[in-house]
Amino acid sequence: MPLFSNTFSPKKTPPRKSASLSNLHTLDRSTRETELGLDYGAPVMNIGGQSLKFEEGNWVSESGGIISEKEVQKLKRRNVQLEEENNLLKLKVEILLDMLSETTAESHLLQKELDGVKSHGRGRK
């Protein structure tokens, strides 16, 4: 009998079982959501050191009380102030980068001039 044969004959695989081994199909919808992690809960965020949760169309503080309109306005003003400060800082960074680029370009030009003067001075000796 030859070591390698030309015919390929894999073993037949046994048929699959049609019944599921999981019992999750017997659970009701809410239990399945809890078990499978499909219950995401209410959105939560932290603004100004206060934790807020969105419930029934309103943002509610984690301590349980609804945030007053006055506090919302205060947070909005603080947000606008921080955005303006952020924009100012971005502008300052842009200006500093422009100044750095200009200084670097001038430095390179001066270095080229210096190298040129050195090379002309060596040629005369």
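Readers should treat all values here as calculations from the given coordinates under stated rules, not as data from a laboratory. What you see is a predicted model, and the numbers here were worked out from it, not measured in a lab. Virtual Cβ from ideal backbone geometry, glycine too; neighbours counted across all protein chains shown.
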Calculated FRET value between Asp28 and Glu85, using beta carbons and R₀ = 35 Å, to 0.05
0.10
Check cross-link reach from Lys53 to the lysines: straight Cα distance under 22 Å, and skip same-chain residues fewer than eight apart.
Lys70, Lys74, Lys76
